[in-house]
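Contents: one structure, followed by commentary.
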Amino acid sequence: MSTAYLVTGLSVEWGGIGGSVVGFSPIMQKAWVRFPANASTPATGCSAGPKPGKIAYRPLFRRSNPVLKQVKTWPAGAISALQDGFECTDWNMFREVATNGDSINLEEYTTSVTSYISKCIDDVTVFKTITTRSNQKPWMTAEVRALLKLRDSAFRAGDKEALRTARAKLSQAIKEAKRTHAQRINGHFQDSRDSQRMWQGIQAITYYKTTPSACDSDASLPDVLNDFYAQFEAQNNVAARKAIPPPNDQVLCLSMADVKRTLCRVNPRKSAGPDNIPGRVLRECAEQLADVFNDIFNISLSSAIVPTCLKTTTIVPVLKKSSCLNDYSFNTIIPRHLFGKLSLLGLNTSLCNWILDFLTRRPQSVRIRNSLSSTTTLSTGAPQGCVLSPLLFTLLTHRLLHSSNRIVKFANDMTVAGLISKNDESAYREQVQCLTAWCKANSLSLNFDKTKEMVVDFRRAQSDHSLLFIDGSPVEIIKSTKFLGLHLTEDLTWSLNTTSISKKAQQRLYFLQILRKAHLPPPILTMFYRGTIESVLSNYPMQWIVRTAEKIIGLSLPSITDMYTTRCIRKANSIVDDPTHPSHTLFTLLPP
């Protein structure tokens, strides 16, 4: 005979056959524990309790030790001190040291400048050691933890008077800690113009869009991932050579205003790269650093040399579904193939040489938590996470055109759409085979697991569609697919797309209700609605979601029709104001 118990967030003592709940334990897990009727100790999940013949459930998270972590903090006035220091710095000194005759050692020049900036940052910042614990409440403080230990000590000693006093102090400390935490969160909503602090407060209350966890791994996984990213290096067995620029070749030249404008747009929340210069410093000190960086960039463009410290990459993998291995389309680009494609598109030789140098001899490493892989030098592919990589991939595949089929490209995704008339599929199948052959010739690998085919057939007398083969393997035929956020089905109905949008919007209504229960004012609720719910609504059947949100917020909201009109006008105005937009000439403003 045995008795089974479902243990969910409880500390259970057991004696004989019966069980009794003696206290709550803050765990977020369930475990089946089966006790033999004649046993004195449980089979699994339990350990000896405080009383003879009884056992107590031990939650797994208590077995993990607290983790000490060092973080860099910015004291008050640190940015001002940096700005003053950079303002008084003679940047020409670094250039003069790296100059030998008429030539400038760009590598030495750039390294000395970045090292000096990093040293100044270390001088004004302070490292602080913090302790992180699993499943720790956001309001938990060191004082509360000390009172918890005091209460537990009194309980183990059996001192009822001391236990009563410790419980009273602990209860008061918890209330004070929660009140302080609530005031800190409410401080995020004091200034309606500071949207960043507002969203930080909203996330602290709702845990909306929390940061994804990194891959769980051992110390060897970074090297395994780095070898995976570098596996296509063997395909590049011919060294790429720069071309000699013609005499009339115009070298791209940047102005200090351009560099300053770009530095001011850097996201201050981005972490520092291998150069140890965070985005916050580049943005806050843009006026002081624009001159020296403008000089470095122009020397780099004129000499077609990218300093090694500026093309060194450290990849931090983000868990993508069930695998830590991200897509590898950008890692298969052969620089010499790209060089020829860019020349055909009309880019000047000096700029092509600069891009070629940027893609070759790139040091790369992989970091997962505190584990860092060894450095590998690559001359194949484009850097992971670089904003230039999708553009280079698009330019590489620019000539993939067909007279009767349409090819839609978005970054490293490609869709071939063909019209089949009179049962003639030859043009469509020929295009797929040409695409496959072109990828092989340019050392690009098709991700066969993501290659699918969807057939839209409205004929009255439908027949079975013959399978499409790529390299001898059949392509899976699917009934629906997600294309750029839109769910498409083989019958071209909107049911699946509407259901998906409805589900996503309804999930976000839950967060809106949490904010309402937190007694946030209607303007904050409206901002959250417009940023998270209104942005996903696109058709009339979604009007009920708007009505539900109105009841939660207590204010009237624009209808789906009004949103459609507003978005169309906003999009048209942006096209009119952008002379580089392909549809700019199609719009003409009416006279006032």
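Some values worked out for this structure:
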item	result
Condition broken by TRP199, with the remaining ones in (1) within 34 Å of the chain's Cα centre (by Cα); (2) surrounded by fewer than 12 Cβ atoms within 10 Å (Cβ to Cβ); (3) not β-branched (Val, Ile, Thr) satisfied	(2)
Given (1) touching a Ser or Thr at 6+ places or on another chain (Cβ under 8 Å); (2) closer than 30 Å to GLY340 by Cβ; (3) modelled with pLDDT of 80 or more, number of the condition ASN236 does not satisfy	(3)
Among residues of the range 81-122, those that are outside any strand (DSSP E or B) and touching a residue at least 12 places away in the same chain (Cβ under 8 Å), counted	25
Wholly enclosed helices (runs of 4 or more DSSP H) of the range 492-592 bearing at least 2 residues among the hydroxyl-bearing types (Ser, Thr, Tyr) and modelled with pLDDT of 85 or more	495-517, 522-532, 560-576
Of residues in the range 367-414 being closer than 20 Å to PRO307 by Cα and within 19 Å of the chain's Cα centre (by Cα), the one surrounded by the most Cβ atoms within 10 Å (Cβ to Cβ)	ALA382
Inter-residue pairs, beta-carbon under 6 Å, first under 13 Å from ILE79 (Cα atoms) and in the range 263-291, second loosely packed, with under 14 Cβ neighbours inside 10 Å and among the polar types (S, T, N, Q), 6+ apart	GLY279/ASN267
Odd one out for LYS178 among (1) in a helix (DSSP H, G or I); (2) among the charged types (D, E, K, R); (3) loosely packed, with under 13 Cβ neighbours inside 10 Å	(3)
Sole exception among (1) surrounded by fewer than 13 Cβ atoms within 10 Å (Cβ to Cβ); (2) without any contact (Cβ under 8 Å) to a residue 60 or more places away in the chain for LEU512, by number	(1)
Selected residue (criterion: modelled with the highest pLDDT) from residues of the range 139-185 that are within 28 Å of ARG197 (Cβ to Cβ) and among the small types (Gly, Ala, Ser)	ALA173
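The values are calculated or read from the model by the stated rules, or taken from the named source; none is laboratory data. Computed from a predicted model, the values in this text were never measured in an experiment. Cβ coordinates were reconstructed from backbone atoms using ideal geometry, including for glycine residues, and neighbour counts include every protein chain displayed.
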